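Notes to accompany the following structure.
The values are calculated or read from the model by the stated rules, or taken from the named source; none is laboratory data. Nothing here was measured: the structure is a model prediction, and the numbers come from that model. Cβ: placed from backbone, ideal geometry, glycine included. Neighbour counts: every protein chain shown. Accessible surface areas use protein heavy atoms only, side chains included; no ligands, DNA or RNA. Shrake-Rupley method; radii C 1.70, N 1.55, O 1.52, S 1.80 Å.
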Amino acid sequence: MAPLNIYKGFILIVSCGMSVWLLRTIIKDLTSSKQVKSKPSYNFRQNTEPHKSPSTLGIPEDGFHIIYFFPKLTTDPTQRVVSQILNKQRELELMKVSELNLMHDQVAQLHVMYLDDSVKQDFINYKMVNKHKLTMHKVHRDPTHRDTFELINNKLLKKNLIILNNDNYLSQGWESINKTSLEKVMYALTRRGRNETSNSPGKCSMPDFCGPTNTYIGSHDAFAFRLTKPINEELLREFDFKMYHYGAENVFIWLFQNKMGFQTLNPCKEVYIYNMHCVKTGWTYTGKKKRINVNRVRKQSGMAPFSLLAPLD
């Protein structure tokens, strides 16, 4: 009898163990399934609050027209494999930035300038919301600010404009801007930073240049304004410099202040742009950059320290 009882006890223990294992497996499977269903491919919610759901966004009549250049980083077959992979990830990161801008409810149109034809195809292939707000513009050289203003002269006069660095996206506060002031006030905004783990393949926290304890250092990544008439040839020649040069934003501000008669404000603590540059690539403008806000015919280095928004009329 003893061996039989031991055998029955063994069967009971094994059965209980199997039941517990099976129950845990079912719970785990259900939990995993629920997480997979609820988890998006990448989380937009963090970066769009308090804006509307992407599916509800239209094209606001008085919205902003963003303009920037989108480079092709993966065209050099002689690069090391690691560099090619990082460059591709950086392109995807910039695509996600573009999508975040398209999702913003204050954006009427995103105007992307491109040099390499494959960039246009990349935008066609990339699945993103609000593509109806995207316009592609072919350029024939690595563009300068002159190319941007020629585009404005030809197609975007009397529009609310934002010239933006291509790794920055709009967030809160843009609805607070008094758009009637944009013909005499240019907003030169300093970028913010936050955790981009859910957005970027590089998964990092970006430094904040306009936080509660930050002091102004002359850095700007967005310029919002409106032009009612074309810029003349003389001024176009003044804007014929690359946007990535050291001090380019300070020359840009100086020209608006001294040649175009604009007041410049920097309410970056009220109107937010976020920078996303988590993927560190081997492709940079290093070697091409030079400082241009000094040693010119005259020093052209405009500043726009932290400020408040222009008051409502």
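Taking a ≥ b ≥ c as the square roots of the eigenvalues of the alpha carbon gyration tensor, the stretch 81-201 is oblate, as a/c is not under 1.5 and a/b does not beat b/c.
The GluC sites (Glu not before Pro) of the stretch 53-138 that DSSP puts in a loop, and whose beta carbon has at most 14 other beta carbons within 10 Å, are E61. Less than 13 Å Cβ to Cβ from I124, Lys/Arg counted +1 and Asp/Glu -1: what total charge do the surrounding residues give? Around I124, the surrounding residues sum to +1. Spin-label model, N195/T213: points 7 Å from Cα along the beta carbon direction are separated by 1.9 nm.
Ligands, DNA and RNA left out, the 1.4 Å accessible surface of the stretch 174-313 is 51% carbon and sulfur atoms.
Rolling a 1.4 Å probe over the heavy atoms of the protein chains gives the stretch 67-162 an accessible area of 43 Å² per residue. My understanding is that a pair violates if its Cα-Cα distance is over 23 Å; which of K96/K133; K96/K290; K155/K290; K88/K120; K72/K138 do that in this structure? Listed pairs above 23 Å: K96/K290; K155/K290.
Multiplying the residue separation of K280 and V129 by 0.36 nm and subtracting their alpha-carbon distance yields 51.7 nm.
Where the only charges are on Cβ atoms (+1 Lys, Arg; -1 Asp, Glu), what is the dipole of the stretch 158-313 about its Cα centre, to the nearest 20 debye?
460
Note on D116: accessible area approximately 60 square angstrom, rounded to 10, probe 1.4 Å, nucleic acids and ligands left out.
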